[in-house]
Amino acid sequence: MNQLKRILGLVWIALAAAAAYFCIFTFGIPKLMSGKQEDLVFGIIILFILTPLIVLGLGTFGYFSLMGDYDEKDS
């Protein structure tokens, strides 16, 4: 079970990278470049608030899982 948790740590880190790419290049930059005010506000929220929260959360969880912090300890 501990090996599975470590492998899933890599999955979480990969999800963090995919979320960063998707949030920046699909939602963030195109919304900033559209020229509409409502898209500009949405783009700023996505780029500067939601993207760091999502990426840091997934990346931190994956890192700790990969390092074995969630392993079951033998008593």
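The values are calculated or read from the model by the stated rules, or taken from the named source; none is laboratory data. What you see is a predicted model, and the numbers here were worked out from it, not measured in a lab. Don't worry about glycine lacking a Cβ; one is built from the backbone with ideal geometry, like all the others, and counts go over all protein chains shown.
Enumerate the pairs (first residue in segment 50-75 and under 28 Å from residue 26 (Cβ atoms) and at pLDDT 90 or above; second residue anywhere and surrounded by fewer than 18 Cβ atoms within 10 Å (Cβ to Cβ) and among the basic types (Lys, Arg)) with beta-carbon separation below 8 Å, excluding pairs fewer than 6 apart on the same chain, so at least 6 apart or on different chains.
Close Cβ pairs (under 8 Å, with a partner that is surrounded by fewer than 18 Cβ atoms within 10 Å (Cβ to Cβ) and among the basic types (Lys, Arg)) amount to 65/5; 65/6; 66/6.
Residue 62 - would you say it is small (Gly, Ala, Ser) and in a loop (DSSP other than H, G, I, E, B)?
no
So which residues in segment 1-29 are within 14 Å of the chain's Cα centre (by Cα) and among the hydroxyl-bearing types (Ser, Thr, Tyr), if there are any at all?
Scanning segment 1-29 gives a single hit, 21.
For residues that are touching a Phe, Trp or Tyr at 6+ places or on another chain (Cβ under 8 Å) and not hydrophobic (A, V, I, L, M, F, W, C), tally how many sit in segment 38-62.
Here the count works out to 3.
Test of understanding: among 31, 73, which residue is surrounded by fewer than 14 Cβ atoms within 10 Å (Cβ to Cβ) and on the phi < 0 side of the Ramachandran plot?
Result: 73 is the single residue among 31, 73 that is surrounded by fewer than 14 Cβ atoms within 10 Å (Cβ to Cβ) and on the phi < 0 side of the Ramachandran plot.
Which numbered condition in (1) out of contact with any helix residue (DSSP H, G or I) (no Cβ under 6 Å at 6 or more places or on another chain); (2) in a helix (DSSP H, G or I); (3) of a type in the set (Lys, Arg) is the only one that residue 31 fails?
It fails just one condition, (1).
Residue by residue through segment 34-70, note down the ones that are loosely packed, with under 13 Cβ neighbours inside 10 Å and of a type outside the set (Gly, Ala, Ser).
36, 37, 38, 41, 48, 49, 52, 53, 56, 67, 69 - these are the residues of segment 34-70 that are loosely packed, with under 13 Cβ neighbours inside 10 Å and of a type outside the set (Gly, Ala, Ser).
Yes/no per residue for (1) farther than 17 Å from residue 56 by Cα; (2) part of a loop (DSSP other than H, G, I, E, B); (3) touching a Gly at 6+ places or on another chain (Cβ under 9 Å):
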{"site": "3", "(1), (2), (3)": "yes, no, no"}
{"site": "8", "(1), (2), (3)": "no, no, yes"}
{"site": "11", "(1), (2), (3)": "no, no, yes"}
{"site": "14", "(1), (2), (3)": "no, no, yes"}
{"site": "17", "(1), (2), (3)": "no, no, yes"}
{"site": "21", "(1), (2), (3)": "no, no, no"}
{"site": "24", "(1), (2), (3)": "no, no, no"}
{"site": "38", "(1), (2), (3)": "yes, no, no"}
